[in-house]
1. Residues in the stretch B:125-135 that are more than 19 Å from residue B:72 (Cβ to Cβ) and surrounded by 21 or more Cβ atoms within 10 Å (Cβ to Cβ): how many?
2. Anything in the stretch A:161-175 that is within 11 Å of chain B (Cβ to nearest Cβ) and within 17 Å of the chain's Cα centre (by Cα)? List them, or say none.
3. Based on this model, can you work out whether residue A:81 counts as away from chain B (no Cβ under 12 Å) and at pLDDT below 95?
4. Could you check the stretch B:154-181 and list, in sequence order, the residues that are buried (at least 22 other Cβ atoms within 10 Å of the Cβ) and not hydrophobic (A, V, I, L, M, F, W, C)?
5. Does residue A:6 satisfy the criteria of being closer than 13 Å to residue A:184 by Cβ, outside any helix (DSSP H, G or I) and within 10 Å of the chain's Cα centre (by Cα)?
6. Can you tell me which residues in the stretch B:97-124 are in contact with a helix residue (DSSP H, G or I) (Cβ under 8 Å, 6 or more places away or on another chain), surrounded by fewer than 21 Cβ atoms within 10 Å (Cβ to Cβ) and under 24 Å from residue B:154 (Cα atoms)?
7. Could you list, in sequence order, the residues of the stretch A:38-55 that are buried (at least 17 other Cβ atoms within 10 Å of the Cβ) and either closer than 28 Å to residue B:162 by Cα or at pLDDT 90 or above (or both)?
8. Tell me the residue from A:95, A:175, A:119 that is modelled with pLDDT of 95 or more and touching a strand residue (DSSP E or B) at 6+ places or on another chain (Cβ under 9 Å), please.
Protein chains: 2
Amino acid sequence: MVSLDFYFDFSSPYGYFASHLLDRVAPGDWRWQPILLGAAFKASGNAPLVDQPMKGDYARRDWDRLSRQYGIPYTLPTVFPVGAVAPSRAFWWLDQHDAALARRFAQLVFHAYFAAGQDITAPQTVADLAAQAGADGAAVLSALGTDAVKQMVRAKTDAALARGVFGSPFFLVGDEPFWGCDRLPMVAQWMRQGGW
Amino acid sequence: MVSLDFYFDFSSPYGYFASHLLDRVAPGDWRWQPILLGAAFKASGNAPLVDQPMKGDYARRDWDRLSRQYGIPYTLPTVFPVGAVAPSRAFWWLDQHDAALARRFAQLVFHAYFAAGQDITAPQTVADLAAQAGADGAAVLSALGTDAVKQMVRAKTDAALARGVFGSPFFLVGDEPFWGCDRLPMVAQWMRQGGW
């Protein structure tokens with residue numbers, strides 16, 4: 001079986017939309033991999049979309065349009081983008097023992113930020129969401145500041161960069177890279193055909 | 001009837017692929033509008049894809065993959081990107097009198113650059129392609145350096161920028177903007193449904 005990796009930043013609207021569309025459009029046994037795009041942007045010379053003239057206006061409109069097109073709840077957060085350090089750390093700490101729980105947590109984080117307008121940079125919010133997903137919230141809270149967990153997020157982000165990941169969402173089917181939410185139909189075709 | 005505008009730069013591989021896919025995926029009475037993206041890049045702070053680390057490598061691979069996926073002949077030109085001034089001027093000069101001829105010419109320019117490896121910045125090549133499309137090659141050659149034609153290309157590019165166009169390909173269905181070759185299915189859906 002070919003590996004399926006879904007890279008995203010919790011602060012990325014296109015990552016959020018992809019988290020909803022992935023199972024609809026290209027179902028499979030995806031490994032969810034939150035990373036911190038700030039590092040990727042440094043390496044690739046990119047900047048957050050909303051800071052770019054013209055492109056930023058287009059992106060805002062496009063996110064609203066995607067929300068209406070697929071019926072996905074979405075409101076641009078008032079503080080945007082954010083450094084999604086806390087939820088990324090919590091994810092990888094949870095993922096060590098229970099990938100399914102970590103994935104439920106990731107979906108709750110995305111929903112909290114892009115649908116419920118919550119501050120996902122706040123450790124207590126992150127712990128509460130982890131508890132909702134079925135984890136021990138207090139344990140998550142105390143894990144967030146440990147060096148081991150900090151190092152884990154850095155290592156995951158570095159590993160993604162080393163595989164050529166430079167944006168969110170980014171999909172790797174084996175080693176074949178696909179960038180962007182609107183590439184999901186191509187991803188599905190690649191998975192069905194095993195490439196071309 | 002809503003207006004359909006297809007903006008592209010003759011030096012853009014994604015513009016080239018879109019020129020092949022437009023009629024297949026989102027058929028309609030598109031106005032072909034070559035512009036000079038250098039100006040748009042200046043306004044939006046973008047740079048040519050191939051100059052961007054990581055993203056450039058991805059784009060090169062993606063162009064080959066699109067070529068195989070759709071059976072569209074394609075080789076990355078040895079000199080790339082280029083300032084497509086001469087063919088853009090010729091296009092708009094031809095378009096004044098015969099939009100169908102100008103479109104045939106545009107298809108020949110794209111083919112010359114991305115399939116046949118020709119230098120589309122050379123005025124004589126441009127004149128020859130115009131002749132192939134059914135125009136008077138010598139008249140095109142002498143028109144290329146005139147102030148009126150220079151001004152026309154600048155005005156078309158400025159008008160595109162004023163409408164929010166910042167990349168290639170870029171589609172406007174009425175005033176609804178769509179950026180990128182992989183948005184053509186969404187463009188088609190928007191055209192069918194009249195928006196959502």
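1. Restricting attention to the stretch B:125-135, the residues satisfying the condition of being more than 19 Å from residue B:72 (Cβ to Cβ) are B:125-128, B:130-135.
Add one more test, that the residue is surrounded by 21 or more Cβ atoms within 10 Å (Cβ to Cβ), and what stays is B:126-127, B:130, B:133, B:135.
Selection size over the stretch B:125-135: 5.
2. Across the stretch A:161-175, the qualifying residues are A:161, A:163, A:164, A:165, A:166, A:167, A:170.
3. Details: away from chain B (no Cβ under 12 Å): yes; at pLDDT below 95: yes.
Against the criterion (away from chain B (no Cβ under 12 Å) and at pLDDT below 95), residue A:81 qualifies.
4. Matches in the stretch B:154-181: B:157, B:167, B:168, B:169, B:177.
5. Numbers: closer than 13 Å to residue A:184 by Cβ: yes; outside any helix (DSSP H, G or I): yes; within 10 Å of the chain's Cα centre (by Cα): yes.
Yes: the conditions hold for residue A:6.
6. B:101, B:104, B:107, B:119, B:121, B:122, B:123, B:124
7. Hits for the stretch A:38-55 are A:46, A:49, A:52, A:54, A:55.
8. Working: A:175 fails: touching a strand residue (DSSP E or B) at 6+ places or on another chain (Cβ under 9 Å); A:119 fails: touching a strand residue (DSSP E or B) at 6+ places or on another chain (Cβ under 9 Å).
Of the residues listed, the single one that is modelled with pLDDT of 95 or more and touching a strand residue (DSSP E or B) at 6+ places or on another chain (Cβ under 9 Å) is A:95.
The values are calculated or read from the model by the stated rules, or taken from the named source; none is laboratory data. As the structure is a prediction and not an experimental result, all values here were calculated from the model. Positions of Cβ are backbone-derived with ideal geometry, glycine not excepted, and every protein chain shown enters the neighbour counts.
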